[in-house]
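Everything below concerns the one structure shown next.
The values are calculated or read from the model by the stated rules, or taken from the named source; none is laboratory data. Since this is a predicted model, take the numbers as computed values, not measurements. Cβ placement follows ideal geometry from the backbone for every residue including glycine, while neighbour counts extend to all protein chains displayed.
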Amino acid sequence: MDNILPLAIDGQELTKPIIISGPCSAETEEQVLQTARELLRAGVKIYRAGIWKPRTKPGGFEGVGVPGLAWLHKVREETGLKVSTEVANRAHVEAALEYDLDMLWIGARTSANPFAMQEIADALREDGRDIPVLVKNPVNPDIELWIGALERLYNAGIKRLGVIHRGFSTYGQNLYRNHPQWRIPLELRTRYPQLPIICDPSHIGGKRELIASLSQQALDMGFDGLIIESHCNPDCAWSDKNQQITPEVLSVILDNLVYRDTPVPTESLAQLRRQIDQLDNELIDILAKRMNISREIGEYKKTHNMPVVQPGRYGDILNTRIRSAENAGINGDFMAKILSTIHEESVRLQVALSGKPHE
Ligand code: PEP
Ligand code: MN
């Protein structure tokens, strides 16, 4: 993919930061138009609305379907906003193009599915128009799958490509609805520097309160834009109501964001980076020493026929270490994650030594 072209609509390049907003779902003509009018006042130029809604379980609101495309068409006629929606199969692409939508995006469940991606790519190739397409990351943290989805579109002649980072599924209750795992989009940036990356703080956070800080973090990391869900009456939204905000709130959030220019590394920054490099090496060294001792303990347990995991010991380690970390100004949750990863690896090493699976 060495010739990705800038995102553009009607021959006009989208200016950065690219801001896209609109409801999770198109619900009624009135809701679609009302939200669009308010967004226009908030300075937004690109409108989003889901027409076909992939839901985790059947029985939820699955989108209004084709009639919603006519509402989006009306939004463009009345407000001049550019309009976009999510497509998940050939029929969606054909319908969206028939209604002359300005931009399409591929949802997280679809970009994880190579069959669907190929079908979408083929439909776009057959149509042949120069439409920008944004690809959300797959639900699972697999960068190759994400790139594969992009390659299918690129090979079909879609060169105006961008990606949307919407976070990754995790098990259990978490602060985020979808964990950001920032290093994945950042790795994508390193591999394809010309590929615009747009952050979706609505689906990462899943809560209104998290939108502003996630948006700022994304901008600080050099993302090219934001896609934020908004609704004229969020509390009554038919889908994703906890993460939708009014266009008025959106306008306040956008006004308060700090848009930094790409930082030019200075000598003092280079010096700080050298210190980080040095400390990372020390960390690796210390971890290697710790793992070696853990292996020795494993040998001991094996010789004395002891079980690998002793829950009491692990609980003690966790509590005392987290307390020390907090005293040193380190976030306790962060420390707990590090310790649990180290513990998991120690157990793996010791189980491998003992030669029997651990339950
Ligand atoms: C959406 O943008 O409304 C949506 C369904 O998002 P995702 O594919 O990221 O879950
Ligand atoms: Mn949504």
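Quick one: which of Ile120, Ile131 is outside any helix (DSSP H, G or I), more than 13 Å from ligand 1 (Cβ to nearest atom) and within 23 Å of the chain's Cα centre (by Cα)?
Details: Ile120 fails: outside any helix (DSSP H, G or I).
None of the other options fit; the residue is Ile131.
Tell me which residues, restricted to segment 227-246, are in a loop (DSSP other than H, G, I, E, B), closer than 12 Å to Ser25 by Cβ and either near ligand 2 (Cβ under 10 Å from one of its atoms) or not aromatic (Phe, Trp, Tyr) (or both).
First, the residues of segment 227-246 that are in a loop (DSSP other than H, G, I, E, B): 231-233, 237-240, 244, 246.
The next check asks that each one be closer than 12 Å to Ser25 by Cβ; those that pass are 231, 237-240, 244.
His231, Ala237, Ser239, Asp240, Gln244 - these are the residues of segment 227-246 that are in a loop (DSSP other than H, G, I, E, B), closer than 12 Å to Ser25 by Cβ and either near ligand 2 (Cβ under 10 Å from one of its atoms) or not aromatic (Phe, Trp, Tyr) (or both).
Out of everything in segment 83-92 that is assigned to a strand (DSSP E or B) and out of contact with any helix residue (DSSP H, G or I) (no Cβ under 7 Å at 6 or more places or on another chain), what residue ends up being nearest to Gly43 (Cα to Cα)? Break it down into steps so the answer makes sense when it comes.
Going through segment 83-92, the residues assigned to a strand (DSSP E or B) turn out to be 83-87.
Narrowing the set further to residues that are out of contact with any helix residue (DSSP H, G or I) (no Cβ under 7 Å at 6 or more places or on another chain) leaves 84, 86.
Details: Ser84: 17, Glu86: 22 Å.
Step by step, filter segment 83-92, then rank; the result is Ser84.
Looking at segment 69-88, which of the residues that are more than 14 Å from Gly22 (Cα to Cα) and within 16 Å of ligand 2 (Cβ to nearest atom) is surrounded by the fewest Cβ atoms within 10 Å (Cβ to Cβ)?
The extreme case among them is Ala88.
Would a scan of segment 139-162 turn up a residue that is within 16 Å of ligand 2 (Cβ to nearest atom), in contact with a helix residue (DSSP H, G or I) (Cβ under 7 Å, 6 or more places away or on another chain), closer than 23 Å to Thr56 by Cβ and not in a loop (DSSP other than H, G, I, E, B)? Don't jump to the end; show me each part of the working.
Initially, segment 139-162 is screened for residues within 16 Å of ligand 2 (Cβ to nearest atom), giving 139.
Add one more test, that the residue is in contact with a helix residue (DSSP H, G or I) (Cβ under 7 Å, 6 or more places away or on another chain), and what stays is 139.
Right, trim to closer than 23 Å to Thr56 by Cβ and you get 139.
Retained after the next criterion (residues that are not in a loop (DSSP other than H, G, I, E, B)): none.
No, segment 139-162 contains no residue that is within 16 Å of ligand 2 (Cβ to nearest atom), in contact with a helix residue (DSSP H, G or I) (Cβ under 7 Å, 6 or more places away or on another chain), closer than 23 Å to Thr56 by Cβ and not in a loop (DSSP other than H, G, I, E, B).
For segment 48-60, state whether one or more residues are touching a helix residue (DSSP H, G or I) at 6+ places or on another chain (Cβ under 7 Å) and within 17 Å of Leu254 (Cα to Cα).
First, the residues of segment 48-60 that are touching a helix residue (DSSP H, G or I) at 6+ places or on another chain (Cβ under 7 Å): 49, 51-52, 54.
Subset that is within 17 Å of Leu254 (Cα to Cα): none.
Scanning segment 48-60, I find no residue that is touching a helix residue (DSSP H, G or I) at 6+ places or on another chain (Cβ under 7 Å) and within 17 Å of Leu254 (Cα to Cα), so the answer is no.
Scan segment 138-150 and give yes if some residue there is within 12 Å of ligand 1 (Cβ to nearest atom), surrounded by fewer than 23 Cβ atoms within 10 Å (Cβ to Cβ) and among the aliphatic types (A, V, I, L, M), otherwise no.
Scanning segment 138-150 turns up at least one residue that is within 12 Å of ligand 1 (Cβ to nearest atom), surrounded by fewer than 23 Cβ atoms within 10 Å (Cβ to Cβ) and among the aliphatic types (A, V, I, L, M).
So, in segment 9-43, exactly how many residues are away from ligand 1 (no atom under 16 Å from the Cβ) and either free of Cβ contacts under 8 Å to residues at least 40 places away in the same chain or part of a loop (DSSP other than H, G, I, E, B) (or both)?
Going through segment 9-43 one residue at a time, the tally reaches 12.
Taking the condition of being touching a helix residue (DSSP H, G or I) at 6+ places or on another chain (Cβ under 7 Å), away from ligand 1 (no atom under 16 Å from the Cβ) and either farther than 15 Å from Leu257 by Cα or in contact (Cβ under 8 Å) with a residue 40 or more places away in the chain (or both), how many residues in segment 203-221 meet it?
The total comes to 1.
When you scan segment 168-202, how many residues do you find that are assigned to a loop (DSSP other than H, G, I, E, B), free of Cβ contacts under 8 Å to residues at least 24 places away in the same chain and among the hydroxyl-bearing types (Ser, Thr, Tyr)?
Here the count works out to 2.
So, in segment 44-68, of the ones that are closer than 21 Å to Pro17 by Cβ and in contact with a Leu (Cβ under 9 Å, 6 or more places away or on another chain), which residue ends up farthest from ligand 1 (Cβ to nearest atom)? Please lay out each step first, then the result.
Step one: list which residues in segment 44-68 are closer than 21 Å to Pro17 by Cβ, which gives 44-49.
When the remaining residues are screened for being in contact with a Leu (Cβ under 9 Å, 6 or more places away or on another chain), the result is 44-47, 49.
Details: Val44: 16, Lys45: 18, Ile46: 14, Tyr47: 13, Ala49: 9 Å.
Going through the qualifying residues, I end up with Lys45.
Collect the residues in segment 89-100 that are within 15 Å of ligand 1 (Cβ to nearest atom) and either at pLDDT below 95 or buried (at least 22 other Cβ atoms within 10 Å of the Cβ) (or both), keeping them in residue-number order. Steps first, please.
Applying the first criterion (within 15 Å of ligand 1 (Cβ to nearest atom)) to segment 89-100 yields 89, 92, 96.
Those that are within 15 Å of ligand 1 (Cβ to nearest atom) and either at pLDDT below 95 or buried (at least 22 other Cβ atoms within 10 Å of the Cβ) (or both): His92, Ala96.
Can you find a residue that is surrounded by 17 or more Cβ atoms within 10 Å (Cβ to Cβ) and assigned to a helix (DSSP H, G or I) anywhere in segment 53-68?
Taking segment 53-68 first, the residues surrounded by 17 or more Cβ atoms within 10 Å (Cβ to Cβ) are 53, 63-64, 68.
Narrowing further to those that are assigned to a helix (DSSP H, G or I): 68.
Yes, because at least one residue in segment 53-68 is surrounded by 17 or more Cβ atoms within 10 Å (Cβ to Cβ) and assigned to a helix (DSSP H, G or I).
Of the residues that make up segment 210-218, is at least one more than 16 Å from ligand 2 (Cβ to nearest atom), over 27 Å from Leu150 (Cα atoms), at pLDDT 95 or above and not basic (Lys, Arg)?
Yes, segment 210-218 contains at least one residue that is more than 16 Å from ligand 2 (Cβ to nearest atom), over 27 Å from Leu150 (Cα atoms), at pLDDT 95 or above and not basic (Lys, Arg).
Being hydroxyl-bearing (Ser, Thr, Tyr) and over 17 Å from Ile9 (Cβ atoms) narrows it down to one residue among Thr56, Thr85, Thr79; which is it? Give the derivation first.
Working: Thr85 fails: over 17 Å from Ile9 (Cβ atoms); Thr79 fails: over 17 Å from Ile9 (Cβ atoms).
Answer to the selection: Thr56.
Output the residues belonging to segment 277-327 that are of a type outside the set (Lys, Arg), part of a helix (DSSP H, G or I) and touching a helix residue (DSSP H, G or I) at 6+ places or on another chain (Cβ under 8 Å). Quick ask: steps written out before the conclusion?
Step one: filter segment 277-327 for residues of a type outside the set (Lys, Arg), giving 277-288, 291-294, 296-300, 303-312, 314-320, 322, 324-327.
Filter once more, so that each one left must be part of a helix (DSSP H, G or I): 277-288, 291-294, 296-300, 303, 311-312, 314-320, 322, 324-327.
Hits for segment 277-327 are Leu287, Met291, Ser294, Ile297, Gly298, Glu299, Tyr314, Ile317, Leu318, Ile322, Ala325, Glu326.
Among (1) under 18 Å from the mean Cα position of the chain (by Cα); (2) closer than 23 Å to Gly50 by Cβ; (3) among the hydroxyl-bearing types (Ser, Thr, Tyr), there is one condition Tyr171 misses while meeting the rest; what is its number?
Tallying (1) under 18 Å from the mean Cα position of the chain (by Cα); (2) closer than 23 Å to Gly50 by Cβ; (3) among the hydroxyl-bearing types (Ser, Thr, Tyr), Tyr171 fails exactly one: (2).
Residue by residue through segment 203-226, note down the ones that are aliphatic (A, V, I, L, M) and part of a helix (DSSP H, G or I).
If we filter segment 203-226 for residues that are aliphatic (A, V, I, L, M), which is where we start, we get 204, 210-212, 214, 218-219, 221, 226.
Matches in segment 203-226: Ile204, Leu210, Ile211, Ala212, Leu214, Ala218, Leu219.
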